[in-house]
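Peer 1: Quick one: the structure is below, questions incoming.
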Amino acid sequence: GNRMALTIQCAVRGWASRRAFGARAVGSEGRKLNAAALALQAWCFLNTNARHKPLQRYWRRQREASATRIACAYRCHLARREVWGQVFDARAIEGVRRVQAVWRGHLARLSIPYRRRVMASVLKKRACLRIQCAWRVRGAVERFRRAWRVEEEAQVIRVQARRAREAAAASVLQARARRVWARGSRGRLEAAVRGQ
């Protein structure tokens, strides 16, 4: 991470100094400045104390400032990318909504005849169901009436059978009573005949 940042910084500094040197070396003032810079560099390289301390501080400050710039640039890049992503998402969502609206409108316009056909078939089915229901109700009512008539006839037959049984039982009882009465009256006649 740091090594890569230092390599990038070194390349950028070299390019900037070459560019600045090329611009300065053109005039006589530039030559004087270059000569002064070379003398200063030679003095700094000869004196170790003068060379190391300020250079270390300078390069440390440069490294910190460049690291801050790189971090700032990277954070700006991330922020731009996030904002652009949000903008792109919002645009994409809006586009998707428009496409959906257009497609739904197209389907609605296409589906009106289809809906009419579907509605007609639904109405036909409902009418068929009503007719079937009425027919089934009529059949059920007829079956109920027939069952009611059969039950009434069965009730009449049961009543007639009961009366016939009662009449048969009464005639049997009457026959027995006549026999008993006849036996009893014959005995009385015989007793009356004997008593005379």
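Peer 1: Please find, among 102, 118, 137, 87, the residue that is of a type in the set (Val, Ile, Thr) and over 30 Å from the mean Cα position of the chain (by Cα).
Peer 2: On the way: 102 fails: over 30 Å from the mean Cα position of the chain (by Cα); 118 fails: over 30 Å from the mean Cα position of the chain (by Cα); 87 fails: over 30 Å from the mean Cα position of the chain (by Cα).
The conditions single out 137.
Peer 1: Go through (1) at pLDDT below 90; (2) of a type outside the set (Ser, Thr, Tyr); (3) more than 26 Å from the chain's Cα centre (by Cα) for residue 130 and report which single condition fails.
Peer 2: (1)
Peer 1: Follow-up question, since we're still on this one. Within region 28-42, does at least one residue satisfy the condition of being closer than 30 Å to residue 3 by Cβ, modelled with pLDDT of 75 or more, open to solvent by 70 Å² or more (accessible area, probe 1.4 Å) and among the polar types (S, T, N, Q)?
Peer 2: Checking region 28-42: not a single residue is closer than 30 Å to residue 3 by Cβ, modelled with pLDDT of 75 or more, open to solvent by 70 Å² or more (accessible area, probe 1.4 Å) and among the polar types (S, T, N, Q).
The values are calculated or read from the model by the stated rules, or taken from the named source; none is laboratory data. Here the structure is a predicted model, which is why all the values come from computation and not from measurement. Note that we place each Cβ from the backbone using ideal geometry, even for glycine, and neighbour counts take in every protein chain shown. SASA here: full protein model, heavy atoms, side chains in, ligands and nucleic acids out. Shrake-Rupley method; radii C 1.70, N 1.55, O 1.52, S 1.80 Å.
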